[in-house]
Amino acid sequence: MKAKLVFKLPEEREEYEMQVNAGKLYSAAWDYAEWLRGICKHDDPNKYNAEVCREKFYYFLQENDYYL
């Protein structure tokens, strides 16, 4: 089975970029989920505030070459 995505550029540039970078975003989300899992399993989740979690999320995005 084959699948093909077709974009009308430059009008659909944003949609094209989202598809091209979807794998990077998936990898960053996976890494972040694993980090959270480790906290829940081996650490005290109450010591991590929203700012720490937000910064860690952006760290994983950067590590996977995904930039907002």
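The values are calculated or read from the model by the stated rules, or taken from the named source; none is laboratory data. From a predicted model like this one, the values you see are computed outputs, not experimental measurements. Positions of Cβ are generated from backbone atoms using ideal geometry, with glycine treated the same way; all protein chains shown enter the neighbour counts. Areas reflect the complete protein model, heavy atoms only, side chains present, ligands, DNA and RNA absent. Shrake-Rupley method; radii C 1.70, N 1.55, O 1.52, S 1.80 Å.
Some observations on this one:
- Protection proxy ranking, highest mean first, for peptides 41-54, 10-23: 10-23, 41-54, where packing is the per-residue count of other beta-carbon atoms within 10 Å, averaged.
- Nearby lysines by direct alpha-carbon distance to Lys56 (threshold 21 angstrom, same-chain neighbours under 8 apart not counted): Lys24, Lys41, Lys47
- Sum of -39500 (n - 2.57) over DSSP H runs of 4+, divided by residues of the chain (222 nm, nearest 500): -20500 deg cm²/dmol
- In degrees, nearest ten, helix 22-42 long axis to first principal axis of the chain (Cα): 10 degrees
- Percent accessible area from carbon and sulfur atoms, the chain, protein chains only, probe 1.4 Å: 53 percent
- Simple Cβ-charge dipole of the chain, Lys/Arg +1 and Asp/Glu -1, about Cα centre, in debye nearest 20: 280 debye
- Evaluated at q = 0.12, 0.14 Å⁻¹: base-10 log I(q)/I(0), Debye formula over Cα of the chain: -0.46, -0.57
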